[in-house]
Structures are given as C-alpha cells and as structure tokens.
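Colleague: My questions will all concern the structure given below.
Computed from the coordinates by the stated procedures, all read-outs in this text should not be read as laboratory data. Predicted model, so just to flag it, every value in this text is computed and none were measured. Backbone-built Cβ (ideal geometry, glycine too); neighbour counts: all protein chains shown.
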Amino acid sequence: MRTLLIAAILAVATPTLATPVQAPVTSATLADATSAPSGRLIIDGATWRCEGDSCTATGGANQPATRACRRVVARLGEVTAFSWKGTALSAEELAACNA
C-alpha cells in the first residue's frame, strides 16, 4: 500500500515531457527594405525586428489581423505579405491594408 501511494505521488509530482506549444507566427514582408527599422520597434505591444525586408514580431495585442496590418503599414510602409498570430492576409486584404 505504501509503495502504491509513493508511486502515485511521484507520478503526479513528475513533470511531463510534452512538446512545447509554439506561438503562432507574426510576420511581415516589406515592399521597401529601406523602411525597416535597424533595431526593435514596438507596435501595439508587439516587438518587431527586421532583417532586410523580412520582419517578425513577438507578443502584441489581441486584435484582428487586418487592424494589426494597418498599424504596421502606418509605421513601416507598404507590405507584400502579412501574418498576424497565424492568420495570413489574402491579396485583397493586403491591398486594403496598404491603401
């Protein structure tokens, strides 16, 4: 009985080796790489970092991808691709975002 109790306690106390959950991707491809910031830039709580015309972000407010895109375009310029927390914008949504 004591052995069973100890085994139960160890089973509960031992952390599981589950695979970590990956955060959804947030990224933008700028039409003009010269508009990319040289360091980090915070927009709506998301920390953006760019290399060339490719930018990625971590964090950020819960908001629709279309709104997030407009906020990024206002600060960084036109984008040719945009994904916010796993939601990629269509060609029509990108056109509206860049307008």
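Colleague: Could you tell me the calculated FRET efficiency between Thr87 and Ser54, based on Cβ-Cβ distance and R0 = 25 angstrom, to the nearest 0.05? It would help to have the intermediate numbers written out before the result.
Modeller: Numbers: r = 18 Å, r/R0 = 0.72.
Result of the calculation: an efficiency of 0.90.
Colleague: In sequence order, what are the phi-derived ³J(HN,Hα) couplings for the range 50-61 according to the Karplus relation 6.51 cos²θ - 1.76 cosθ + 1.60 with θ = phi - 60°, rounded to whole Hz, with x for glycine and proline?
Modeller: Values per residue, Gly and Pro as x: 10, 10, x, 9, 9, 10, 10, 9, 10, x, x, 6 Hz.
Colleague: Over the range 23-98, what is the relative contact order in whole percent, taking alpha-carbon pairs under 8 Å and six or more residues apart?
Modeller: 36 percent
Colleague: Give me Val73, Val79, Val25 sorted ascending by neighbouring Cβ count inside 10 Å, so fewest comes first.
Modeller: Val25, Val73, Val79
Colleague: I need the shape label for the range 23-98. Rule: rounded when a/c is under 1.5, else prolate if a/b > b/c, else oblate, with a, b, c from the alpha carbon gyration tensor.
Modeller: oblate
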